[in-house]
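Since the structure comes first, as structure tokens, the remarks are kept for the end.
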Amino acid sequence: MPIVSVLAALLAGAVLILISGSNPIRGYAALLRGAFGSPYNITETLVIAVPLTLAGISVAVAFRTGLFNIGAQGQLLVGALAAGWTGAQFPELPGILLLPLTLVSAVLAGGAWGAIAGWLKAARGVNEVITTIMQNYTVVFVMHWLLQNGPMTAPNAAGTPASSPIGAGAILPIIIPNEIVPLSRLHAGVVLAIAAVVVFWFLMWRTSLGYELRAVGLGARAAAQAGIDPRRRMVLVMFIAGGFAGLAGMIQVSGLFHRVFDGFSAGFGFDAIAVALLGKNSPVGITLAAVLFAAFARGGTIMQADAGVSSHLVEVVEATVLLVIAAEAIVRALAVRRGTPAEALA
Amino acid sequence: MELLIGAGVIAATLRLATPIAFAALGGVITERSGVTNIALEGCMLFGAFFGILAADKTGSAPLAVLIGLLAGTVLAAVHAVASVTWRADQIVTGMALNILALGVTSYLNYEIYGSGVPSGVPLLPALNLDFLAGVPFVGGVIGHQNVLVWLALVLVIVLQLYMFRTVAGLRLRAVGEHPRAADTVGIDVRRTRYWAVLASGGLAALGGVYLTVADTGSFTDGLTNGRGFIGLAAMIFGRWTPVGALVASLIFGYGDALSVSLQGVSIGDLRIPVQLLSTIPYLLTILAVAGFVGRSRPPAADGVPYESEGH
Amino acid sequence: MIAPRPERERGTAATVVATPLVPLLEMRGIRKRFGELQALDGVDLVVNEGEIHALVGENGAGKTTLMNILYGLYHPDAGTIRYRGREVRITGPRDAIALGIGMIHQHFMLVPPLTVAENVVLGDERGGPPLDTRAIEQRVRALEERFGIVVEPSARIEDIPLGLQQRVEILKVLYRGSELLIFDEPTAVLTPQEVDELFVIVRQLRAEGKTLILITHKLREVLAVTDRITVLRQGRNAAQLVTKETNAAEIAKAMVGRELKELKARAATGTSLPILQISRLEALSDRGTPALRGVDLVVREGEIVGVAGVGGNGQSELAQCILGLRPVTEGTITVGGADITRDPPKRTRARGVAYVPEDRRVEGLVLPFTVADNFILGKQDREPYARRGVLEREAIAKDGDRLAKDFDVRPPNAKVIVGTLSGGNQQKVVLGREISESPRLIVISQPTRGLDIAATEYVHERLLEQRARGCGILLISSELDEIRALSDRIAVMFEGRIVATLDAADATEDRLGLLMAGHAEAASH
């Protein structure tokens, strides 16, 4: 089914390219080349896939517990801000101290920001969708302030408002030497992302806590009578979700930009929802979906340059994937009504 | 003082509140019927782009309004089919439509207006109330507002009356609160919800049309920049009523106006962090939904697909 | 308030009963099947014009299904409906309303933020587009005066008590010109005072020439207001009675049936040591109305205490309070002498309390989980299933297979998704999980609902085994046979109280039936 939705979306994209008078095959060829056509292009695709994977896990871990985390975007930015602040605040610290400190600060900050939505749901019954949407925009404006004329604003910065660069100790190293892939930006964040995928898998399917979270997501009342308090798990899982998103933000700072700037990583948190849905909230699925969406993003820019097809086509394709997935849920709902057990299709 | 409550700031408040109010009105209609539509942002973006496109291609501003409105309605129709007929997850569909709208408008903008919307596109005029010219303050505030600002104000009153003073409004509210009760007395739940979702798309699109065909005369990718979501916030903070939504939009618009007028102003040594003013809508909304500032309660069946009984 | 009408009216109605010309409603041979369950198996119902007709039976007897067919919510598999002598097809509520049939639903179909008048006219506002509130309120007031039903038309539904909300439901039906009014368990949510007021209204409606069908299981109500009675049992007609010529015992007998199962001879295993003690327990229902109104109950070691009663009289809430799933507003619960009144489920269970909930698919199991994973629900953080927070997959799989075999789960494979199992096998998984911990007390609700005979026997045997081991068991069931077959003592619940506790030997079906129907005085003779 995920493959069907991607194919349907690509088809819809092709129609749009045709309508606008270009050649879809040329367009898609350019896209493919841009995403995977050379070692450099592959590393560029992976650079985008890293934060997408982490943000996708953020959405998925909440989904598995029955919560819809629209807030990965805001949590990612909070993590980035925390990393940017920590990294710039103690520039003299050696990497062995500063890098973990940066990482932990981002995870805790993102987690705390996420936990607010969990707490409001558990204690006040507030729909987490509303809270996380509102939180996302709150972060954007706080970020404007911090970077334009607030405490994090870099002195004498020109151009885009930004924070001061982080210390050398907070930087994630490039893992592919220039001699092998010249100019590659692929950093050690990719290792952290793979580790996060493993942690996500281990947490959800190999620990008592993960069992409890899944039980709450699939049968909250059964979990409650067995002594698993769903409300506490909601707060906790939103902390974990925020932590993963915060880690994504930290990786963008420490691995790629070495500072925070206005308009930083826009839209990753929303793409993450599509990644989680397409990847069926599973570790491998999310990783593949993140690489796919990263390929769209990276390939899209090349497609625009080489074939003259706007890179925004990628958003159309992505939205269509989501719509087809929604339709898939409908097919399942209809099947259930006809008496097929839902579990048989899950 | 002039910076805080001068005629200039208040006039700007009205201007900035207008697109928010349109989206909020759309939100009120659809959520009162029991359908959540977070695709309002996308509908607004559709209205903005197709509005300016129509203004450019037809040379007629009124026609631009109509086409922009239709474009938002079409996008909302997808949401209606998915959420009412197919009972899909309304949040997922809404998210998808927002991304779709961003993609389609940006794509077409690149393909059609790679170098920007040409200048000289016909725009909607302001209503010049010259007789107010001499009146202090009032003349400055409402003397030269765009027709769409007035339309928004009129629509607030019309919709308030519709919702609470007509038979159709009574039925709409019943459907959003207790669809089964409405169904058992012969009200068509599905049809009511369809119309409400379509109307919400049209209203949000008007907000988008205002941004391009009345305000700027140009289009940039993602131009609406979250105003549709502020509209949802205004709807919640305004407790799901048209007049409340307008008041909330004005409060939010005033915050925006202040953040412009107070730009670079200092009190003593402290530069006013104007950007933080813009967080007020979102923080107020969270506090309102959580019951810390009054209690803002959504319609009981909001976001819940309805399935009629029958075996 | 309304003055009761003189007896003359009652005489008039009785005359109609005595000389039935063409019945107003004639349902013949109605059948309806839901999946495996034959809910109605050829039921007849004949209602004469101007009478109050009681439709009586236990839970699951088919009363509500029959009425939902009459109201067009379900379509019958077979059978005919005649209304005023004419055969009719009712495909939806709209058809029913057009015929003059109105339903006062058990769960009111009222929109809480709207006013009384708005709810009454909703869908049939007569006028508009503008909503003329004053005209609507006047119309509703006139209707109220005609039928002697008083509710302030401008009040909001959410601000008025349930008793008044029910009047609004009645007004809604009358406003649409209904001649035949169906009341589905009308007294279920009412206080005793509200019940008396309802009966005044009911008699008043008959005096106005309306015909009423009262779905109920409470004998006091049947005897107080109805003219004739149709008793259903397990989807069939059990009796047709004239109220004046019958009595509570006869109705109860027809309701409960005579199919006595042989009682198993059992050695008394009970010590005198109480394991569960409940005193003056009070709690609210989900709707915020009192559900438990001072429950006193003791379960001793090695004893099965059955809680009999018609569903909805507080049994579910009682179980939830013991587990810690529902807040207790008054009173105390102790287990083995320790106060657990305010303990959350986890701590309650740590004291050796096991729980088999009534809805196994929603409360008992996580359906998309495997059998093995369901076996460890609640034990997922303890040895041997977890060490330092990490699941021990091998131990889980091994014990899963062992328990699946021990408890005869079919297929005997713990990797199967629980949701795909039959109801009986699902119940074995729940039961296996709960009793494999050797609990001191088992709270078990509707243990055999929806199970076939073999699975039912299996569950019963396991429970008797636990009893023999010295475990105390609180058995909540609406199946009287089950209660009588297993219990050492039987507590009868009615309207949130234990109205009597009988030794199993003294608990004849007649007495139980009367007690369950709220007829404590008659039962004591």
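Given the conditions (1) within 14 Å of chain A (Cβ to nearest Cβ); (2) within 30 Å of C:Asp381 (Cα to Cα); (3) surrounded by fewer than 15 Cβ atoms within 10 Å (Cβ to Cβ), and given that C:Ala338 satisfies all but one, which numbered condition is not satisfied?
The single condition C:Ala338 does not satisfy is (1).
Taking A:Ile96 as the residue in question, decide whether it is part of a helix (DSSP H, G or I) and open to solvent by 20 Å² or more (accessible area, probe 1.4 Å).
Working: part of a helix (DSSP H, G or I): yes; open to solvent by 20 Å² or more (accessible area, probe 1.4 Å): yes.
Spelling it out, A:Ile96 is indeed part of a helix (DSSP H, G or I) and open to solvent by 20 Å² or more (accessible area, probe 1.4 Å).
Quick one: is B:Ser115 more than 8 Å from every other protein chain (Cβ to nearest Cβ), among the polar types (S, T, N, Q) and without any contact (Cβ under 8 Å) to a residue 60 or more places away in the chain? Reasoning before the result, please.
Numbers: more than 8 Å from every other protein chain (Cβ to nearest Cβ): yes; among the polar types (S, T, N, Q): yes; without any contact (Cβ under 8 Å) to a residue 60 or more places away in the chain: yes.
Yes: the conditions hold for B:Ser115.
Which ones in region C:123-140 are out of contact with any strand residue (DSSP E or B) (no Cβ under 8 Å at 6 or more places or on another chain) and open to solvent by 90 Å² or more (accessible area, probe 1.4 Å)?
Result: C:Arg126, C:Arg134, C:Gln138.
I need a count of the residues in region A:158-202 that are over 16 Å from A:Leu256 (Cβ atoms), touching a strand residue (DSSP E or B) at 6+ places or on another chain (Cβ under 9 Å) and crowded, with 18+ Cβ neighbours inside 10 Å.
Count: 2.
So, restricting to helices (runs of 4 or more DSSP H) that lie completely within region B:1-120, which ones have at least 1 residues that are under 20 Å from B:Gly253 (Cα atoms)? If you could, list the steps in order and put the result at the bottom.
Details: elements: B:2-5, B:7-32, B:40-58, B:61-80, B:90-112.
So the answer is B:2-5, B:7-32, B:40-58.
How about region A:113-131: which of its residues are in contact with a Lys or Arg (Cβ under 9 Å, 6 or more places away or on another chain) and aliphatic (A, V, I, L, M)?
A:Ala122, A:Ala123
Would you check if there is a residue in region C:378-391 being within 20 Å of C:Tyr355 (Cα to Cα), among the aliphatic types (A, V, I, L, M) and not in a loop (DSSP other than H, G, I, E, B)?
For region C:378-391, residues within 20 Å of C:Tyr355 (Cα to Cα), among the aliphatic types (A, V, I, L, M) and not in a loop (DSSP other than H, G, I, E, B): absent.
If I filter region B:63-79 for residues that are open to solvent by 10 Å² or more (accessible area, probe 1.4 Å), out of contact with any strand residue (DSSP E or B) (no Cβ under 7 Å at 6 or more places or on another chain), under 30 Å from B:Glu307 (Cβ atoms) and within 14 Å of chain A (Cβ to nearest Cβ), do I get at least one hit?
The first filter runs over region B:63-79 and keeps only residues open to solvent by 10 Å² or more (accessible area, probe 1.4 Å), leaving B:63, B:65-67, B:69-71, B:73-74, B:77-78.
Imposing the further condition that a residue be out of contact with any strand residue (DSSP E or B) (no Cβ under 7 Å at 6 or more places or on another chain) reduces the set to B:63, B:65-67, B:69-71, B:73-74, B:77-78.
Checking which are under 30 Å from B:Glu307 (Cβ atoms) leaves us with B:73-74, B:77-78.
Remaining after also requiring within 14 Å of chain A (Cβ to nearest Cβ): B:77-78.
Yes, some residue in region B:63-79 is open to solvent by 10 Å² or more (accessible area, probe 1.4 Å), out of contact with any strand residue (DSSP E or B) (no Cβ under 7 Å at 6 or more places or on another chain), under 30 Å from B:Glu307 (Cβ atoms) and within 14 Å of chain A (Cβ to nearest Cβ).
Look at region B:181-239 and say how many of its residues are within 24 Å of B:Gly114 (Cα to Cα), of a type in the set (D, E, K, R) and not in a loop (DSSP other than H, G, I, E, B).
1
Please work out which residue is surrounded by the most Cβ atoms within 10 Å (Cβ to Cβ), limiting yourself to region B:226-250 and to residues that are among the β-branched types (Val, Ile, Thr) and within 14 Å of another protein chain (Cβ to nearest Cβ).
Residues of region B:226-250 that are among the β-branched types (Val, Ile, Thr), as a first pass: B:230, B:236, B:241, B:243, B:247.
Right, trim to within 14 Å of another protein chain (Cβ to nearest Cβ) and you get B:230, B:236, B:241.
Details: B:Ile230: 31, B:Ile236: 27, B:Thr241: 18.
The residue in question is B:Ile230.
For residues in region C:427-450 being open to solvent by 10 Å² or more (accessible area, probe 1.4 Å) and of a type in the set (Val, Ile, Thr), which is farthest from C:Ile376 (Cα to Cα)?
Once the filter is applied, the top-ranked residue is C:Thr448.
Applying the selection to region B:154-176, what residues are more than 14 Å from every other protein chain (Cβ to nearest Cβ) and open to solvent by less than 50 Å² (accessible area, probe 1.4 Å)?
Residues satisfying the conditions are B:Leu155, B:Val156.
Under the condition of being within 14 Å of chain A (Cβ to nearest Cβ) and of a type outside the set (Val, Ile, Thr), which residue from region C:318-335 is most open to solvent (accessible area, probe 1.4 Å)?
Filtering region C:318-335 for residues within 14 Å of chain A (Cβ to nearest Cβ) gives C:319-327.
Next, from what is left, pick out any that are of a type outside the set (Val, Ile, Thr): C:319-321, C:323-327.
Working: C:Ala319: 1, C:Gln320: 30, C:Cys321: 1, C:Leu323: 0, C:Gly324: 24, C:Leu325: 59, C:Arg326: 30, C:Pro327: 102 Å².
Ranking the qualifying residues of region C:318-335, first place goes to C:Pro327.
Of all residues being in a loop (DSSP other than H, G, I, E, B) and modelled with pLDDT of 90 or more in region C:451-476, which is surrounded by the most Cβ atoms within 10 Å (Cβ to Cβ)? Just the residue, please.
C:Cys471
State yes or no: is B:Leu223 within 14 Å of another protein chain (Cβ to nearest Cβ), crowded, with 19+ Cβ neighbours inside 10 Å and farther than 19 Å from B:Ile29 by Cα? Write out each step before concluding.
On the way: within 14 Å of another protein chain (Cβ to nearest Cβ): yes; crowded, with 19+ Cβ neighbours inside 10 Å: yes; farther than 19 Å from B:Ile29 by Cα: yes.
Criteria met by B:Leu223.
Pick from region C:26-54 the residues that are assigned to a strand (DSSP E or B) and open to solvent by 60 Å² or more (accessible area, probe 1.4 Å): which of them is nearest to C:Arg86 (Cα to Cα)? Lay out the reasoning, then the answer.
Residues of region C:26-54 assigned to a strand (DSSP E or B): C:26-34, C:37-47, C:52-54.
Next cut, open to solvent by 60 Å² or more (accessible area, probe 1.4 Å) only: C:28, C:31, C:33-34, C:37.
On the way: C:Arg28: 13, C:Arg31: 20, C:Arg33: 25, C:Phe34: 28, C:Leu37: 30 Å.
Only one residue tops the list, namely C:Arg28.
Filter region A:215-225 for residues that are open to solvent by 20 Å² or more (accessible area, probe 1.4 Å) and more than 7 Å from chain C (Cβ to nearest Cβ); which is nearest to C:Val430 (Cα to Cα)? It would help to see each step written out before you state the result.
Keep residues of region A:215-225 that are open to solvent by 20 Å² or more (accessible area, probe 1.4 Å), which gives A:217-218, A:220-221, A:224.
Now restrict to residues that are more than 7 Å from chain C (Cβ to nearest Cβ): A:217, A:220.
Values: A:Gly217: 19, A:Ala220: 16 Å.
Restricting to residues being open to solvent by 20 Å² or more (accessible area, probe 1.4 Å) and more than 7 Å from chain C (Cβ to nearest Cβ), the top hit is A:Ala220.
Taking region A:117-136 on its own, how many of its residues are open to solvent by 70 Å² or more (accessible area, probe 1.4 Å) and part of a helix (DSSP H, G or I)?
Kept after step one, since they are open to solvent by 70 Å² or more (accessible area, probe 1.4 Å), are these residues of region A:117-136: A:119, A:124, A:127.
Cutting the leftovers down to part of a helix (DSSP H, G or I) gives us A:119, A:124.
Within region A:117-136, residues that are open to solvent by 70 Å² or more (accessible area, probe 1.4 Å) and part of a helix (DSSP H, G or I) number 2.
The values are calculated or read from the model by the stated rules, or taken from the named source; none is laboratory data. Remember, predicted model here, so these are calculated numbers, not experimental data. A quick note on method: Cβ atoms are made from the backbone with ideal geometry, for glycine too, and the neighbour counts reach across all protein chains shown. Accessible surface is based on the protein model in full, side chains and every heavy atom, while ligands, DNA and RNA are left aside. Shrake-Rupley method; radii C 1.70, N 1.55, O 1.52, S 1.80 Å.
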